Amino acid sequence: MAKQSGLGDYLAVDDSGGSARNISNDVTNATFNNGTSLQEITGIDKSAVERLQLLGDGTVSINGVFNSASNLSHDVFKTQSGTRTVTYAVGGNSSSNPKLEMEMLVSAYNLDRAADGSLTWSAELSLQSGTVPTWGTV
C-alpha cells in the first residue's frame, strides 16, 4: 500500500453490551496513541542515555458530532462501563487495509454545546487488557 490520506477510514467501538458499532460517520477526528514506557538506566560510565523498554500502553481520543440514533455514537458511549473493542482501519474496513484493535475502557464521555448551537462530544479510552496494541490488516 502506498501513501494515503485519512479519507474513508473506519472506526468501530463496542457498545456497553459488547456489540461492535460503526461510528465512522459521527467521528470528526480521532487520535490513537500506542506507546511504550521507558526506564532510564544510564550508568555513570556512559556519555549517552541508556534505556530499557517497559510496558506498552494505548489510548484513544475521539471527537464527533452528537447523534442519538440507535446504535450510533451516543448509544455507544452513554454507558461507560464494560470493556470495549476499538477497531480503526485506515482507508476503510476492506481487505488488506491496515487495522489497529485494542481492548479499552471508557474514562470519559463529554458533551459540548457551543454558543453557535453546535453539539459535539469527546470520548477518552484507555487500554484495559494488558495486551500490547498491534497493527494488523483487515
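The values are calculated or read from the model by the stated rules, or taken from the named source; none is laboratory data. Computed from a predicted structure; not experimentally measured. Heads up, the Cβs are rebuilt from the backbone with ideal geometry, glycines too, and the neighbour counts pull from every protein chain shown.
Numerical summary
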| quantity | calculated |
| --- | --- |
| Segment 66-79 residues that are over 9 Å from residue 16 (Cβ atoms), paired with ones that are buried (at least 17 other Cβ atoms within 10 Å of the Cβ) and basic (Lys, Arg) (beta carbon under 6 Å, 6 or more apart) | 71/21 |
| Options 15, 9, 45; residue that is among the acidic types (Asp, Glu), at pLDDT 95 or above and touching a helix residue (DSSP H, G or I) at 6+ places or on another chain (Cβ under 6 Å) | 15 |
| Residue ranges of strands (runs of 3 or more DSSP E) in segment 1-101 with at least 1 members of a type in the set (Ser, Thr, Tyr) and either surrounded by fewer than 17 Cβ atoms within 10 Å (Cβ to Cβ) or on the phi > 0 side of the Ramachandran plot (or both) | 27-40, 51-65, 83-89 |
| Some residue of segment 106-124 being at pLDDT below 95 and not in a strand (DSSP E or B) | no |
| Search result, residues across segment 107-127 that are within 16 Å of the chain's Cα centre (by Cα) and either among the polar types (S, T, N, Q) or under 24 Å from residue 138 (Cβ atoms) (or both) | 107, 110, 122, 123, 125, 126, 127 |
| Single unsatisfied condition, residue 59 versus (1) of a type in the set (S, T, N, Q); (2) out of contact with any Pro (no Cβ under 7 Å at 6 or more places or on another chain); (3) over 30 Å from residue 114 (Cβ atoms) | (3) |
| Any hit, segment 93-114, residues being more than 25 Å from residue 15 (Cα to Cα) and touching a residue at least 40 places away in the same chain (Cβ under 8 Å) | yes |
| Every residue from segment 6-30 that is in contact with a strand residue (DSSP E or B) (Cβ under 8 Å, 6 or more places away or on another chain) and of a type in the set (A, V, I, L, M) | 11, 12, 13, 20, 23, 27, 30 |
